[in-house]
Amino acid sequence: MKEYKFNDKKDTRSGFGQALLELGRSNPLVVALCADLTGSLKMDAFEKEFPDRFFQTGIAEANMMGIAAGLAIGGKIPFTGTFANFSTGRVYDQIRQSIAYSNKNVKICASHAGLTLGEDGATHQILEDTGMMRMLPNMVVINPCDYNQTRLATLAIADYEGPVYLRFGRPKVPNFTPEDYPFEIGKAIVLNEGSDVSIFATGHLVWEAIRAGQILAEKGIEADIINIHTIKPLDVEAILNSVGKTKCAVTAEEHQINGGLGDCVSQVLSLHNPAPLEMVAVMDKFGESGTPEQLMVKYGLSAENIVEKVLKVIERKG
């Protein structure tokens with residue numbers, strides 16, 4: 001098992017904020033909009049340095065999406081910012097009709113996704129957003145794993161022409177991606193090579209997959225560990241190459257079992273190379289209040305849960 005170390009823990013939302021500031025300095029077409037959560041989205045540095053390019057829409061997320069679409073028509077590159085719940089569930093109609101349908105160049109940047117929003121509870125912990133957004137034609141869906149990858153992804157989507165949903169989170173997580181590692185939309189990253197099982201992970205669960213790989217290595221099981229940072233377009237080639245070698249797979253995500261990465265990989269395998277598959281995800285439940293650590297354990301999203309699923313899927317492989 002390849003050894004991964006991290007020097008610090010950082011929240012992925014700060015990676016977004018840092019990249020947005022850099023984009024403001026390098027690209028005069030970049031503008032930012034926020035729905036009354038500037039500090040939470042770490043957009044305050046951009047607002048301070050570029051006040052004429054920052055638009056505070058207040059708690060009016062649907063209006064924010066309409067304004068962003070208009071700015072895109074005018075040749076700007078708008079980045080919208082609010083919690084993932086309000087970035088998707090509250091404004092799905094506006095995104096579908098005003099952004100995705102007409103392929104507008106709007107970057108929908110969504111913080112505080114998943115259970116790790118923590119104590120704010122079920123009303124804020126959206127677990128359906130990946131599925132909602134990947135079903136929209138024209139929409140790219142990206143879910144980076146740490147501070148550095150979120151920063152790199154934010155920089156990359158500014159150069160992409162078309163709508164993007166960028167999902168990130170609130171808690172501080174291990175920051176292990178090299179700060180200069182090239183980010184390519186739609187290109188998965190192989191973190192470890194193994195022949196016994198494929199582990200496909202996204203977002204905060206990538207680090208848990210690495211931890212699981214270390215536990216498995218002690219048991220003599222070598223895992224292919226792949227960071228699926230782009231849910232759509234999905235790196236089908238990377239999935240098929242890995243499962244073609246290992247003959248079984250486990251997916252890991254901080255999302256409902258329905259509609260997320262597990263469904264994506266299941267579809268690929270059923271169409272091209274049927275193989276045993278197990279999923280680590282939230283099992284069709286709403287969240288609740290608690291610390292991120294408590295919720296990850298209660299809802300079965302830890303490294304130990306990934307190990308459990310790996311042992312099960314290898315047994316199914318026979």
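The values are calculated or read from the model by the stated rules, or taken from the named source; none is laboratory data. The model shown is predicted, which means the values in this text are computed figures rather than measured ones. With ideal geometry, Cβ positions are generated from the backbone for all residues, glycine too; neighbour counts draw on all protein chains shown.
Out of (1) in contact with a strand residue (DSSP E or B) (Cβ under 6 Å, 6 or more places away or on another chain); (2) surrounded by fewer than 16 Cβ atoms within 10 Å (Cβ to Cβ); (3) without any contact (Cβ under 8 Å) to a residue 40 or more places away in the chain, what's the single condition that is false for residue 28?
Evaluating residue 28 over (1) in contact with a strand residue (DSSP E or B) (Cβ under 6 Å, 6 or more places away or on another chain); (2) surrounded by fewer than 16 Cβ atoms within 10 Å (Cβ to Cβ); (3) without any contact (Cβ under 8 Å) to a residue 40 or more places away in the chain leaves (1) as the failure.
Would you mind finding the one in 86, 16 that is within 21 Å of residue 172 (Cβ to Cβ) and among the hydrophobic types (A, V, I, L, M, F, W, C)?
Result: 16 is the single residue among 86, 16 that is within 21 Å of residue 172 (Cβ to Cβ) and among the hydrophobic types (A, V, I, L, M, F, W, C).
Any idea which residue in region 31-52 is surrounded by the fewest Cβ atoms within 10 Å (Cβ to Cβ), counting only those that are touching a strand residue (DSSP E or B) at 6+ places or on another chain (Cβ under 8 Å) and of a type in the set (A, V, I, L, M)?
If we take residues in region 31-52 being touching a strand residue (DSSP E or B) at 6+ places or on another chain (Cβ under 8 Å) and of a type in the set (A, V, I, L, M), then 37 is surrounded by the fewest Cβ atoms within 10 Å (Cβ to Cβ).
Can you tell me which of (1) surrounded by 18 or more Cβ atoms within 10 Å (Cβ to Cβ); (2) among the small types (Gly, Ala, Ser); (3) under 26 Å from residue 246 (Cα atoms) is the one residue 131 doesn't meet?
Residue 131 satisfies every listed condition except (3).
What pairs can you find where one residue is in region 234-258 and over 12 Å from residue 197 (Cα atoms), the other is acidic (Asp, Glu), and their Cβ atoms are less than 6 Å apart, with a gap of 6+ or different chains?
256/128
Anything in region 194-217 that is out of contact with any Phe, Trp or Tyr (no Cβ under 6 Å at 6 or more places or on another chain), of a type in the set (Val, Ile, Thr) and part of a helix (DSSP H, G or I)? List them, or say none. Step through it out loud before you land on a result.
From region 194-217, those out of contact with any Phe, Trp or Tyr (no Cβ under 6 Å at 6 or more places or on another chain) are 194-209, 211-217; that's our starting set.
Still in the list and also of a type in the set (Val, Ile, Thr): 197, 199, 202, 206, 215.
Of everything in region 194-217, those that are out of contact with any Phe, Trp or Tyr (no Cβ under 6 Å at 6 or more places or on another chain), of a type in the set (Val, Ile, Thr) and part of a helix (DSSP H, G or I) turn out to be 206, 215.
Considering only residues that are closer than 19 Å to residue 16 by Cα, out of contact with any helix residue (DSSP H, G or I) (no Cβ under 7 Å at 6 or more places or on another chain) and not basic (Lys, Arg), which ones fall in region 46-67?
Scanning region 46-67 gives 47, 51, 56, 64.
With the structure loaded, tell me whether residue 79 is surrounded by fewer than 20 Cβ atoms within 10 Å (Cβ to Cβ) and either in a strand (DSSP E or B) or under 22 Å from the mean Cα position of the chain (by Cα) (or both) or whether it fails that test. Walk me through it before giving the result.
Details: surrounded by fewer than 20 Cβ atoms within 10 Å (Cβ to Cβ): no; either in a strand (DSSP E or B) or under 22 Å from the mean Cα position of the chain (by Cα) (or both): yes.
In short, no.
Pairs only if they're at least six apart or on different chains, beta carbon under 8 angstrom, first in region 159-175 and assigned by TED's automatic domain parsing to the domain that holds residue 143 and closer than 9 Å to residue 13 by Cα, second in a strand (DSSP E or B) and hydroxyl-bearing (Ser, Thr, Tyr); list them, first residue then second.
Going by the 8 Å Cβ cut-off, the qualifying pairs are 168/111; 169/111; 170/111.
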